[in-house]
Amino acid sequence: MNAETLKKYMDIAPEIEEAVKAGKPVVALESTILSHGMPYPENLDFAAKVEEVIRAQGAVPATMAIIDGRLKAGLTPAELERMCRADGVLKVSRRDLPIVVANKLTGATTVATTMILANLAGIRIFATGGIGGVHRGGEDSMDISADLQELAHTPVAVVCAGAKMILDIGRTLEYLETMGVPVLGMDTDDFPAFYCRKSGFGVDFNCKTPADVAKIAKTKWELGLAGGMLIGNPVPEQYAMDFDEMSAVIEKALAQAEEKGVKGKNITPFLLAAIVELTGGDSLKTNIQLAFNNARAAAQIAVELAKL
Ligand code: PSU
Ligand code: MN
């Protein structure tokens, strides 16, 4: 997209635009985690603090959203508040993007859409909580998050705490392999399972330091290999939840979804809210801490990438 067309559709905060131009570290953040992944007002507190975590490492945060049809990189406090209140805020994945923009609607960006906006703004590193993936029973329903296709095509490295067990983690990793997406571990051999540090499935390479990740990202893109990378960063030990306990909670949440006939784009937000309720809010604390942990790692990776 040329600069003129970009300006027609997108507002990039001056601080972010300058940092990108100067080759300084910038980290993208998504807004679906705010609007459809966490309750109000905890999401508002989180939204402000996660930006501070990134700044503390010497990087610039860039939260993405679509507001009244404008693509946004970097939100004002009032815009963050609007995303967190989530009143009339749509969940926007790749297929929804032209509809929301053309009709001047307001929406939160998923991992897929945040990658698209980050790429438009020239940002290569993105921190989230968990990614979408192949849903359990996906071999019949064909419910596979657009996040996975995006990782195959768009050159952004996504730092996550793995995937929730609401998904079929084995098939999610198989899909990423088929699509040619490197899956790296942040000092782990095991791909993490969001609330828990291990999923029982391996990563392609265990990176001991943020510099190791930056070196692989730089190499991938210099080689002209299209698409992104996924970095699995396990939740810190003290916030990790019991695997068996969470497995039982997730079974219950899935049963509720089935009973209520929840489908399509509503299934992920439904399950996230059900899990918070079933754990009496404990899962939310873990969710917030793992997202901070990912923001910190992503900022460190962005700092290392800026040195190369
Ligand atoms: N998984 C989480 N938390 C989240 C999401 C997924 O643990 O907030 C959000 C992300 O924005 C992700 C989206 O991109 O849900 C995936 O939705 P779907 O499965 O409909 O593609
Ligand atoms: Mn889906």
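Counting the residues of segment 14-32 that are closer than 20 Å to Ile67 by Cα and out of contact with any helix residue (DSSP H, G or I) (no Cβ under 7 Å at 6 or more places or on another chain) gives 4. A residue that is among the hydrophobic types (A, V, I, L, M, F, W, C) and more than 13 Å from the chain's Cα centre (by Cα) can be found somewhere in segment 147-155. Consider segment 124-151 and keep the residues that are assigned to a helix (DSSP H, G or I) and closer than 25 Å to Ala306 by Cβ. The one that is nearest to ligand 2 (Cβ to nearest atom) is Glu150. If the condition is being among the acidic types (Asp, Glu) and either out of contact with any strand residue (DSSP E or B) (no Cβ under 9 Å at 6 or more places or on another chain) or assigned to a strand (DSSP E or B) (or both), then segment 45-82 contributes Asp45, Asp68, Glu81. Just one residue in the set Gly280, Gly227 is closer than 30 Å to Ile123 by Cβ, away from ligand 1 (no atom under 15 Å from the Cβ) and not in a helix (DSSP H, G or I); that residue is Gly227. A residue that is in contact with a Pro (Cβ under 8 Å, 6 or more places away or on another chain), in contact (Cβ under 8 Å) with a residue 40 or more places away in the chain and aliphatic (A, V, I, L, M) occurs somewhere in segment 239-248. Checked across segment 159-175, the condition of being open to solvent by 70 Å² or more (accessible area, probe 1.4 Å), farther than 19 Å from Ser93 by Cβ and away from ligand 1 (no atom under 16 Å from the Cβ) holds for at least one residue. Whether a residue is under 27 Å from Ile267 (Cα atoms), open to solvent by less than 60 Å² (accessible area, probe 1.4 Å) and not hydroxyl-bearing (Ser, Thr, Tyr) was assessed, and Leu44 passes this test. Does Phe201 qualify as being buried (at least 16 other Cβ atoms within 10 Å of the Cβ), more than 16 Å from ligand 1 (Cβ to nearest atom) and among the aromatic types (Phe, Trp, Tyr)? Considered against the rule, which asks whether it is buried (at least 16 other Cβ atoms within 10 Å of the Cβ), more than 16 Å from ligand 1 (Cβ to nearest atom) and among the aromatic types (Phe, Trp, Tyr), Phe201 comes out as yes.
Of all residue pairs spaced 6 or more apart or on separate chains, none has beta-carbon atoms under 9 Å together with a first member in segment 210-230 that is free of Cβ contacts under 8 Å to residues at least 24 places away in the same chain and a second member that is open to solvent by 70 Å² or more (accessible area, probe 1.4 Å) and part of a helix (DSSP H, G or I).
Remark: pairs (first residue in segment 101-118, without any contact (Cβ under 8 Å) to a residue 40 or more places away in the chain; second residue outside any helix (DSSP H, G or I) and away from ligand 1 (no atom under 16 Å from the Cβ); Cβ separation under 7 Å; 6+ apart in sequence or on different chains) = Asn103/Gly69; Lys104/Asp68; Lys104/Gly69; Leu105/Gly69. Applying a threshold of 7 Å to beta carbon distances and a minimum spacing of six or more residues, or different chains, the list of pairs starting in segment 150-176 at a residue that is basic (Lys, Arg) and ending at one that is assigned to a helix (DSSP H, G or I) and surrounded by fewer than 22 Cβ atoms within 10 Å (Cβ to Cβ) reads Arg171/Gly138.
Does Gln289 satisfy the condition of being free of Cβ contacts under 8 Å to residues at least 60 places away in the same chain and either among the basic types (Lys, Arg) or touching a helix residue (DSSP H, G or I) at 6+ places or on another chain (Cβ under 8 Å) (or both)? Yes; evaluated as a whole, the condition is true for this residue. For segment 267-286, filtered to residues that are open to solvent by 40 Å² or more (accessible area, probe 1.4 Å) and without any contact (Cβ under 8 Å) to a residue 24 or more places away in the chain, the residue that is farthest from Cys84 (Cα to Cα) is Gly280.
The values are calculated or read from the model by the stated rules, or taken from the named source; none is laboratory data. Since we're looking at a predicted model, the values are computed, not measured. Positions of Cβ are backbone-derived with ideal geometry, glycine not excepted, and every protein chain shown enters the neighbour counts. These accessible areas exclude ligands, DNA and RNA; they are computed on the full protein's heavy atoms, side chains included. Shrake-Rupley method; radii C 1.70, N 1.55, O 1.52, S 1.80 Å.
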